[in-house]
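Below is one structure, written out as structure tokens; the observations come after it.
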Amino acid sequence: MVERLAVRFRAAALREGILAGSSEEVERLAPALIELAVLPVFEGGRSAVRGISQKCLWFLGLRTGEARSADALREVARCWLKLPDLARRTALAVGRGRWAGAVEGVNTDPNPLIRAGVAELALDAGDAELAPVCVEMLSDTDPQVALRAERALLGLSLRAVGVRAAGGTGDAEGAVLPGLGASELIEGRADRVFESVAAGCRRFGEHRRRGVLLAALALLDRIAIRFGGRGPGDGRALLANWFHQPDGESLGALRSVLASTRLPLARVRALEWLAVPQLADACVRRLAFTRSVAEHGEVLAAAHLLCRPARAGKVAKLPLLGKIKGRGTAAERVVLPPNSPAPSPGEYGLLSLGARRGLPRFMRAIGADPRVLRTVLGSAIADGDIVARHAACRVMPLGGLGEFCLDRDARVSRTAALRWSRAGSVDSTAGRADAAGVSALARSAEPFLRRIAEEESQLDASPGAGTVRGRVAARRGLLADSGGLLRDIEADLSDQNDLRRVNAIMLIRRLSLTERFEGLLAVIVEEGSPRAAATAVAALASLRTERAARALARCARSSEARVRANAADALTHRHVGESPGVLIELKDDPHHRVRANVLRGAMGSGVAGLPADRAGLILADMLADSRASHRLAGVWVASRALPGAGRARLGQRWAELAARVVELARTDADASVRGRSAACALRLDAEVRAAWRQNVPWQRLSPAQGAGA
């Protein structure tokens, strides 16, 4: 009998049967109803058989197949809660992209089970076009319907930011946080979800559903907050505007949700929202505890956000306490309490690479106790990632640096050893007390570490650029008492003692203080000894001021060769337009270092009036010079000008110069010239062979040719 009914009546009958039937009956009736909802299409695309026009069907009082399918799909939505899982998955595929039209009017059905089914359908379908329907149902008179609508809106929001909805309703307990990726909405625009959540937040006083605020929390990352009005569509702008200007009721609820929710994403948002004044306290409360390794991982991976002072200042007082075990013994350690804001040593290995790299920055920002730092960062010494180990050794307190000083990577061990040095500290004799550390460094295979160990045993802590310990003392003095150190440097620059002046200038360059002492350096250039003047010229080379340019131009005409050489090197790096004409004169200077610096600049960054081809001709003459010092300097220029892009700059001149270098490596009478020429020739040969191999595929070479290459 049912098969004889019109499609719309047949679908209604099947729906009533599903709502009233048992599970066995639903298993039989559901496929029949879903089959009616299938949209009829031609398999062959453009069919030669044309259907009757819609106007003709309307005139005859008939309905199109699309309209009949929509009627059936609407009935599927009415009985959604009764459908088994397999039938739901089938119906989702059948109705994909059509659910927004199918639920029109269904969400206001008198039956609360039908209205609840619409909310459940929105969550299952992942269709952003159903988000406005969920917002309307938040104020439903039936609590269960409103609860399901709240859950659906939260699920759509989590999907919009790449987070799968799972478990729980109000707090979304059990939600998994794989990362903030691209939108995973099945249908519709993510901006539609932003728009709906903004409307739900504006109407919070009507429905008072916390899930809406959780949905806003999921969507409002720092990009959406800062650039919400510039995103795709108006929804982001609406939600960002509400966030910046919330009403008092919704603001208080948002603080409560942020501080108490168990959604892992909330802790990430707490870190991002620290700079928002009205939410800062709630953010700190949320960051003060954690419930899972996933929460640790997401926050630590975003620890770079703490570089902003507005955020770092808020977390500086974050409580991080632990119980001290073995106090006063060599095995003293700190046991962190459950839900600590920092991961325990046992959780370190479960963190992602980004989280392990961000952990030291987070620990430094919260101002953790040194004993807590040793406990939390101690596991980093076994980390396979050099960046994670290096970041940990930069934060690790003195007592935990011993193992990092012996790290297998020189970059980590050097950084740790420089921090381990007691130079410039209040207790400058600490290095002698740590005899075991000095002894371990003295046996290191790294020469730099052995040098530090030797200097630590001597305890010469005076600031200076001549020793590693002196440079460490200077840097620490600059941080602890910058005024005192600057006064000491100024006194040394004004002193007539040549050695003190030179050491002070070298220290200025090491500490990047050249601009601060430009005036005194300019005076030394004019009045100082040749050694001090040459060192001051090298320091002024880093400045781009007119005063420095004039001083360098005068030094280029100095009677001292070392001063002219440093001035020529400095001027060639000031780029073509700033180089004075004096450089053209220096290309024929009697001193080999002066000529070499000018030619190197001409064939590198360029010198006005001295093109690279002409400089190459002068270099060829220099390589054939009768004076060994000039040939040696010429090979030095060739080793820097010929490799890499030098071939393109020099053109045909390149082959001539390369051949001359090879000849010097074989026949020059001076051993130094032969050695430097041989090194240059080997490098050029390797570059030529590498370029040749790239142009000739290996599979085309015979074994003999491949071996010869």
Unmet requirement for Glu518, which otherwise passes all of (1) touching a residue at least 12 places away in the same chain (Cβ under 8 Å); (2) of a type outside the set (A, V, I, L, M, F, W, C); (3) under 28 Å from Leu623 (Cα atoms): (3)
Selection status of Leu300, modelled with pLDDT of 90 or more and out of contact with any Asp or Glu (no Cβ under 7 Å at 6 or more places or on another chain): yes
Some residue of the range 627-634 being within 44 Å of the chain's Cα centre (by Cα) and among the hydroxyl-bearing types (Ser, Thr, Tyr): no
Residue list for the range 230-284, filter: assigned to a loop (DSSP other than H, G, I, E, B) and not hydroxyl-bearing (Ser, Thr, Tyr): Gly231, Pro232, Gly233, Asp234, Gln245, Pro246, Asp247, Arg262, Leu263, Pro264, Val276
Residue ID - surrounded by the fewest Cβ atoms within 10 Å (Cβ to Cβ), chosen from residues in the range 319-354 that are assigned to a loop (DSSP other than H, G, I, E, B), at pLDDT 80 or above and in contact with a strand residue (DSSP E or B) (Cβ under 9 Å, 6 or more places away or on another chain): Pro337
Matching residues in the range 624-655 - criterion: being free of Cβ contacts under 8 Å to residues at least 40 places away in the same chain and surrounded by fewer than 17 Cβ atoms within 10 Å (Cβ to Cβ): Ala624, Asp625, Ser626, Arg627, Ser629, Ala645, Ala648, Gly651, Gln652, Ala655
Among the residues listed as Val94, Val103, the single one being surrounded by fewer than 19 Cβ atoms within 10 Å (Cβ to Cβ) and under 45 Å from the mean Cα position of the chain (by Cα): Val94
Selection from the range 516-563 of residues that are farther than 17 Å from Val594 by Cβ, crowded, with 18+ Cβ neighbours inside 10 Å and of a type in the set (Val, Ile, Thr): Ile524
Any hit, the range 93-104, residues being assigned to a loop (DSSP other than H, G, I, E, B), within 26 Å of Ser139 (Cβ to Cβ) and among the aliphatic types (A, V, I, L, M): yes
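Residue by residue, here is whether (1) at pLDDT 85 or above; (2) farther than 23 Å from Ala131 by Cβ holds:
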residue	(1), (2)
Arg8	no, yes
Ala13	no, yes
Ala70	no, no
Arg88	yes, no
Gly101	yes, no
Close pairs from the range 588-610: first assigned by TED's automatic domain parsing to the domain that holds Arg640, partner modelled with pLDDT of 75 or more and of a type in the set (Asp, Glu), Cβ under 8 Å, at least 6 apart: Arg595/Asp588; Arg595/Asp589; Asn597/Asp569; Val598/Asp589; Arg600/Asp569; Gly601/Asp569
Filtered residues of the range 242-255 (kept if over 23 Å from Ala302 (Cβ atoms) and either charged (D, E, K, R) or in contact (Cβ under 8 Å) with a residue 24 or more places away in the chain (or both)): Trp242, Pro246, Asp247, Glu249, Ser250, Leu251, Ala253
Of the criteria (1) over 29 Å from Gln144 (Cα atoms); (2) buried (at least 18 other Cβ atoms within 10 Å of the Cβ); (3) modelled with pLDDT under 90, which one Pro246 fails: (1)
Test: Arg660 is buried (at least 21 other Cβ atoms within 10 Å of the Cβ), part of a helix (DSSP H, G or I), more than 45 Å from the chain's Cα centre (by Cα) and at pLDDT 90 or above: no
Some residue of the range 638-657 being farther than 17 Å from Leu684 by Cα, in a helix (DSSP H, G or I) and aliphatic (A, V, I, L, M): no
Residue list for the range 123-165, restricted to those being farther than 19 Å from Arg96 by Cβ and either modelled with pLDDT under 90 or within 35 Å of the chain's Cα centre (by Cα) (or both): Glu150, Arg151, Leu153, Leu154, Ser157, Leu158, Val161, Gly162, Val163
From the options Gly235, Gly205, residue that is in contact (Cβ under 8 Å) with a residue 24 or more places away in the chain and surrounded by fewer than 19 Cβ atoms within 10 Å (Cβ to Cβ): Gly205
Residue tally, condition in contact (Cβ under 8 Å) with a residue 60 or more places away in the chain and of a type in the set (S, T, N, Q), over the range 261-291: 1
Members of the range 384-411 found to be in contact with a Phe, Trp or Tyr (Cβ under 6 Å, 6 or more places away or on another chain) and within 21 Å of Ala355 (Cβ to Cβ), listed by number: Cys393
Every residue from the range 489-499 that is surrounded by fewer than 17 Cβ atoms within 10 Å (Cβ to Cβ) and assigned to a helix (DSSP H, G or I): Glu490, Ala491, Ser494, Asp498, Leu499
Checking Val257 against (1) at pLDDT 85 or above; (2) surrounded by fewer than 22 Cβ atoms within 10 Å (Cβ to Cβ); (3) not assigned by TED's automatic domain parsing to the domain that holds Ser352, the condition it does not meet: (2)
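The values are calculated or read from the model by the stated rules, or taken from the named source; none is laboratory data. Being a predicted model, the structure only gives us computed values, none of them experimental. With ideal geometry, Cβ positions are generated from the backbone for all residues, glycine too; neighbour counts draw on all protein chains shown.
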